[in-house]
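Below is one structure; the comments refer to it alone.
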Amino acid sequence: MSNLSTKSTGTSSSRARGRVFGVPKRCWCGEAVVALISKSDPNPYRRYYRCSFAATNKLRNDEHTFKWVDEALLNEVDALISRNAGLEQQLKELRTERLEFDTMVYEKMEKEVLEKVEDGLGEAKSWNKKMMSVILLVCMVMIGLSKVVG
Ligand SMILES: [Zn+2]
């Protein structure tokens, strides 16, 4: 069941003992990696990942996967932290871009509205001045609202 794969026979390049980053999922030999608890004197009750083949055959000084759980988890945490920092930076950049975009759009809108109002004022000499000031007021309120909402 476990010897289906016959590739990488005798090649040492596929051996990556101890150099796995983070939590090992599978040993290079194809066996699953299991979590065990150390009973050795220098590391009592310290948890470690081990190739299940090497564990069941009680191999020693072999090339199969061995990694302390705490070290593997520290790797994962480090990876998470650096990934998180990258995300935060991206988010910051996105926010700045968004802010610049909003400001640009708002300024353009305000300019256009003001131009229209000025045009209207120029043409509306015959109009009721009261009417125009109401329109102007509505425009101002709309601009103010868009500022608050946006
Ligand atoms: Zn193995």
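The values are calculated or read from the model by the stated rules, or taken from the named source; none is laboratory data. Quick caveat, the model's predicted, so the values are computed rather than measured. Quick reminder, even Gly has a Cβ in these numbers, built from the backbone with ideal geometry, and neighbours come from all protein chains shown. Heads up: the accessible areas ignore ligands, DNA and RNA and are worked out on the full protein's heavy atoms, side chains in. Shrake-Rupley method; radii C 1.70, N 1.55, O 1.52, S 1.80 Å.
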*State yes or no: is GLY22 open to solvent by less than 50 Å² (accessible area, probe 1.4 Å) and away from the ligand (no atom under 16 Å from the Cβ)?*
yes
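Across segment 37-58, what is the total count of residues that are touching a helix residue (DSSP H, G or I) at 6+ places or on another chain (Cβ under 8 Å) and within 12 Å of the ligand (Cβ to nearest atom)? First the steps, then the outcome.
The initial filter retains those residues of segment 37-58 that are touching a helix residue (DSSP H, G or I) at 6+ places or on another chain (Cβ under 8 Å), namely 46-49.
If we keep only those that are within 12 Å of the ligand (Cβ to nearest atom) as well, we get 49.
So the answer is 1.
Among the residues of segment 70-86, what is the count of those that are open to solvent by less than 80 Å² (accessible area, probe 1.4 Å) and free of Cβ contacts under 8 Å to residues at least 40 places away in the same chain? Outline the logic, then answer.
Taking segment 70-86 as the starting set, the residues that turn out to be open to solvent by less than 80 Å² (accessible area, probe 1.4 Å) are 70, 72, 75-77, 79, 82, 85-86.
Remaining after also requiring free of Cβ contacts under 8 Å to residues at least 40 places away in the same chain: 70, 77, 82, 85-86.
Looking only at that region, the number is 5.
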